[in-house]
C-alpha cells in the first residue's frame, strides 16, 4: 500500500522534517528521523536540510525517483514537546508499521497540541532568572527585582513578536527594557549586587539552543547549518548586549 502513495509519504516526511527544524532539533536528528521513516516505508531518501527549507527525493526499491519536492520550514520556535513527540512517532511507524493515514493523523494531533498558558510561561521563566540571581549571591529582594524585570521583558517580547517586529530588534528592546526596569525598581528597593541584577534579568534571551545546535551540527559534519545557527546566536547575543549596554549607561553602573 505504501508503494502506491509516494506523494503522501513524501509530504509526511517533509512536514516532519520542517517541524523538527522549526522546533529546535539538530540536523542529525532530522536526518536520522527522515531516513528511519522512509526506510520503514521501503523508500530510499535523498534530501538536503537547510535552516529555512528541506528538499526531499524518494526512490523506490528499483531506484526510480517517485517524489521530489521542497518545503520551507515554519517559524523557528523551540518546542521540545514537538521534538519528543515526532521522535516517538517515528519509532511507532517503524515498530508498528503504522499506515500513512494514521501517521498523518498523529502529526496533525501534535501540531494542534496547546501551548502552556501564557501566565505560567512568563512566571516560570522569570522565576528561573531570579533563581540564577540567587545562585550568584543575590538576596531575596534582588530576586524579586529580577523576577519583575524578566516577567515584564518576556511579556514585551511576546507582544512585539505578535506585531511581526524584527526579531533581533525585539530582543534588543526586551534586553533594554528588562535591565531598565530592574534598575528603576532598584531606586525604590536598593540592592547590593547591581551587576547580578542587570545580567540575570536578561538571561531568558540567551540563545542557548542555537549555540548548542551549531556546535553539534558542525561536529556531525553539517557545517553550513552549524555556521548559520552560530551566526544567528552571535547576532542575538549582540542584540542582547546592545540593549543591556544602553541600560547600564543610563544608570551609570560599573
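The values are calculated or read from the model by the stated rules, or taken from the named source; none is laboratory data. The shown structure was predicted, so the numbers you read here are calculated from the model rather than taken from an experiment. Cβ coordinates were reconstructed from backbone atoms using ideal geometry, including for glycine residues, and neighbour counts include every protein chain displayed.
Things worth noting here:
- Total residues in region 195-208, condition under 18 Å from the mean Cα position of the chain (by Cα), part of a helix (DSSP H, G or I) and surrounded by fewer than 18 Cβ atoms within 10 Å (Cβ to Cβ): 1
- The requirement of being in the same structural domain as residue 49 (by TED's automatic domain parsing), free of Cβ contacts under 8 Å to residues at least 24 places away in the same chain and either part of a helix (DSSP H, G or I) or surrounded by fewer than 17 Cβ atoms within 10 Å (Cβ to Cβ) (or both) is not satisfied by residue 81.
- In the set 156, 145, 246, 189, only one residue is under 24 Å from the mean Cα position of the chain (by Cα) and either buried (at least 20 other Cβ atoms within 10 Å of the Cβ) or in contact (Cβ under 8 Å) with a residue 12 or more places away in the chain (or both); that residue is 156.
- Within region 39-61, the presence of at least one residue that is free of Cβ contacts under 8 Å to residues at least 40 places away in the same chain, part of a loop (DSSP other than H, G, I, E, B) and under 24 Å from the mean Cα position of the chain (by Cα) is confirmed.
- In region 225-241, the qualifying residues are those that are farther than 26 Å from residue 18 by Cβ and either free of Cβ contacts under 8 Å to residues at least 40 places away in the same chain or surrounded by fewer than 16 Cβ atoms within 10 Å (Cβ to Cβ) (or both), and the one that is farthest from the chain's Cα centre (by Cα) is 241.
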